[in-house]
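Q: Take a look at this one; I'll ask things after.
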Amino acid sequence: MTTNTTDIMEAVAIFDAPGKGRGLKATKEMWAGDVVFSEAGLAAVVFDSMAERICHSCFRSQPKLQRCGQCRFAHYCDRTCQRAGWAEHKDECGAIKTYGKAPNESVRLTARIVWRLDKEGSLVTDTQLTTVEDLEDHIFGMPDDDLQEIKVDIHNFLDYWPRNSKQHRVDDLSHIFGVVNCNGFTVSDQKGLQAVGVGLFPNLCLVNHDCWPNCTVILNHGNQSAVNTMFHSQPRIELRALGKISEGEELTVSYVDYLNVSEDRQKLLKAQYFFDCTCDHCKNHTKDDVKMVPEEQVKEASDYCRVTLEKINKSRLSGDYHEVVVMCRDCMKRAEPVLAETHIYLLKLWSTLSEVQAYLQFIDDAADLSRKVVEGYNKIYHPNNAALGLATMRSGVSHWQAGLIDVGHGMICKAYAILMVTHGPTHPITQDLEAMRMQTEMEFRMFTQNEYVYHSMREAALKNRPMTMMNEPVSVQDGIKNLFHRRK
Ligand SMILES: [Zn+2]
Ligand SMILES: [Zn+2]
Ligand SMILES: [Zn+2]
């Protein structure tokens, strides 16, 4: 694989994390926004459902892709991407042709891993801290349904795997399928808004979970305006420090959204990653009372919200946005007088409605609702949480579009500060934000100097250029729910 940036791995070391097995610790002091390490990954594949919409080399979503003339399955931005991805695709291309179709994403990913290990040995780079062999597969104790799926996958793998390639024992294959099943990392598109594939990043697999972590992980596709070779390179992950980390401290990320109360987080972690979380926030039920008040008088409103939110989600996924607006309004009427403004159901209602209203161009309403969401998130999330940063960004943009330049600019600046930590300066979203920050700063200066001139200029600008549409709310909703990808 050609990589333009070398992996950094000198600030971390493997150690025995008490009660958790292996973990990673810092070998030197670090600060908010520091890149703890970066890793290119062993292999990654595009989801079955995205095969024709995402480049199989750089994982960017593009309106028009070129198909591989050989297998007719892989798609690429252009010849440069196809050439850059050929080393990973070559064996796969031949196998797909012979097999007559492309197998599912788990089989494709496992095959890419096995080809790579066969060719390069168990340690592909000298910065890889663990072999795939040593990673957890959780096969023992796995629910029967999952085991059954792995059996089917192995069966398909054996049909797909070329006769003239090195043959492998079923036990070794089931280990890799198990590893991919619980450690496969969700690869997002260049904006980080949509899950588009799955990959294996062995060093990242060593980072244990904490509900209140000291690191965050972000996929970086590189700077679009940078040199061409960078543009076509495969996505890399970066582990970034959220605050000060002392030498010797364990490095952690959160596998689940902290917005969930501790009981729900623990259920999710158990079902998806097979462990019981014993972090301080779970033990002490920290902030559970802020997110959900357990008293009797609000139970009815709370239950009503939970049921309605499920219906709202369905309508949103099917694109029935006007129905979403009606249901959200109705639910808010019942919930707002009783539930605290940090109650997670209320936050979910507001964020859903604000995204839909932004899409439908009801900008004032979108701005109001998104501000309530940000105010609630501020009381719950870590100040450098990525979800808080993105919500602040969306709210800032809505305020800007609604003509509230002072609030809009302030929020865009705040979001920029958070994303500089969680995403870093070269991430495409941070760069979009920087452009918006400069634009709103200029408009804000104009506004403070002469409000009349500002408003007349703004009106003229709006007449010439219709406001850019917000993302369709479905794509935001589809976003990255879980760090590690599991089927279903
Ligand atoms: Zn590409
Ligand atoms: Zn091909
Ligand atoms: Zn926890």
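The values are calculated or read from the model by the stated rules, or taken from the named source; none is laboratory data. Quick caveat, the model's predicted, so the values are computed rather than measured. Reconstructed Cβ throughout: ideal geometry from the backbone, glycine too, with neighbour counts over all protein chains shown.
Q: What are the residues in segment 55-106 that are more than 16 Å from ligand 1 (Cβ to nearest atom), assigned to a loop (DSSP other than H, G, I, E, B) and of a type in the set (D, E, K, R), if any?
A: Hits for segment 55-106 are R72, K101.
Q: Out of all the residues in segment 265-277, is one or more loosely packed, with under 12 Cβ neighbours inside 10 Å and outside the structural domain of A340 (by TED's automatic domain parsing)?
A: Taking every residue of segment 265-277 in turn, at least one turns out to be loosely packed, with under 12 Cβ neighbours inside 10 Å and outside the structural domain of A340 (by TED's automatic domain parsing).
Q: Among the numbered criteria (1) within 16 Å of ligand 2 (Cβ to nearest atom); (2) free of Cβ contacts under 8 Å to residues at least 60 places away in the same chain, which single criterion is violated by K119?
A: Condition not satisfied by K119: (1).
Q: Have a look at K101, K28, K64, K20 and point out the one that is out of contact with any Cys (no Cβ under 8 Å at 6 or more places or on another chain) and within 16 Å of ligand 3 (Cβ to nearest atom).
A: None of the others qualify; the one that does is K20.
Q: Please name all residue pairs, on different chains or six or more residues apart, with Cβ atoms under 7 Å, provided the first residue is in segment 444-463 and is closer than 13 Å to G403 by Cβ and the second residue is surrounded by 12 or more Cβ atoms within 10 Å (Cβ to Cβ) and small (G, A, S).
A: Note: pairs meeting the criteria are R458/G403.
Q: Another question about this same structure. If you check K372 against the conditions, is it surrounded by fewer than 24 Cβ atoms within 10 Å (Cβ to Cβ), in the same structural domain as F447 (by TED's automatic domain parsing) and under 21 Å from the mean Cα position of the chain (by Cα)?
A: Against the criterion (surrounded by fewer than 24 Cβ atoms within 10 Å (Cβ to Cβ), in the same structural domain as F447 (by TED's automatic domain parsing) and under 21 Å from the mean Cα position of the chain (by Cα)), K372 does not qualify.
Q: Pull up segment 266-282, narrow it to residues that are under 16 Å from D145 (Cα atoms) and of a type outside the set (S, T, N, Q), then point me to the one that is farthest from ligand 2 (Cβ to nearest atom).
A: K270
Q: Being over 29 Å from Q148 (Cα atoms) and loosely packed, with under 14 Cβ neighbours inside 10 Å is the filter; apply it to segment 104-123 and report the residue that is farthest from ligand 3 (Cβ to nearest atom).
A: Per the criteria, the residue is K119.
Q: Let me ask something else. Using beta carbons and a limit of 9 Å, which pairs, at least six apart or on different chains, have the first residue in segment 71-90 and in contact (Cβ under 8 Å) with a residue 40 or more places away in the chain and the second one part of a helix (DSSP H, G or I) and β-branched (V, I, T)?
A: From residues that are in contact (Cβ under 8 Å) with a residue 40 or more places away in the chain, the pairs are T80/T229; A84/T229.
Q: How do the pairs read when you match residues in segment 180-203 that are in the same structural domain as S57 (by TED's automatic domain parsing) and touching a residue at least 12 places away in the same chain (Cβ under 8 Å) with residues anywhere that are among the basic types (K, R) and in a strand (DSSP E or B), using Cβ under 9 Å and keeping only pairs 6 or more apart or on different chains?
A: F201/R236
Q: Something else about it: Among the residues of segment 407-426, is there at least one that is within 26 Å of G319 (Cβ to Cβ) and not acidic (D, E)?
A: Checked segment 407-426: no residue is within 26 Å of G319 (Cβ to Cβ) and not acidic (D, E).
Q: What's the total number of residues in segment 307-359 that are part of a helix (DSSP H, G or I) and more than 15 Å from E375 (Cα to Cα)?
A: 33
Q: Mind counting the residues in segment 261-277 that are closer than 17 Å to I380 by Cβ and touching a His at 6+ places or on another chain (Cβ under 9 Å)?
A: 4
Q: Something else now. Based on this model, can you work out whether P213 counts as modelled with pLDDT of 95 or more and within 16 Å of ligand 3 (Cβ to nearest atom)?
A: In short, yes.
Q: OK, next. When residues of segment 42-75 are filtered for being within 21 Å of R116 (Cβ to Cβ), within 10 Å of ligand 2 (Cβ to nearest atom) and either within 22 Å of the chain's Cα centre (by Cα) or surrounded by fewer than 22 Cβ atoms within 10 Å (Cβ to Cβ) (or both), how many remain?
A: Total meeting the criteria: 5.
Q: Further question on the same structure: Is one or more of the residues making up segment 281-296 away from ligand 3 (no atom under 14 Å from the Cβ), out of contact with any Asp or Glu (no Cβ under 7 Å at 6 or more places or on another chain), in a loop (DSSP other than H, G, I, E, B) and at pLDDT 85 or above?
A: No, every residue in segment 281-296 fails to be away from ligand 3 (no atom under 14 Å from the Cβ), out of contact with any Asp or Glu (no Cβ under 7 Å at 6 or more places or on another chain), in a loop (DSSP other than H, G, I, E, B) and at pLDDT 85 or above.
Q: Find all pairs meeting these conditions: Cβ atoms under 7 angstrom apart; at least six residues apart or on different chains; first residue within segment 47-67 and farther than 16 Å from Q190 by Cα; second residue within 16 Å of ligand 3 (Cβ to nearest atom) and not in a loop (DSSP other than H, G, I, E, B).
A: Going by the 7 Å Cβ cut-off, there are no qualifying pairs.
Q: May I ask you to verify whether D189 is loosely packed, with under 14 Cβ neighbours inside 10 Å and not basic (K, R)?
A: No; evaluated as a whole, the condition is false for this residue.
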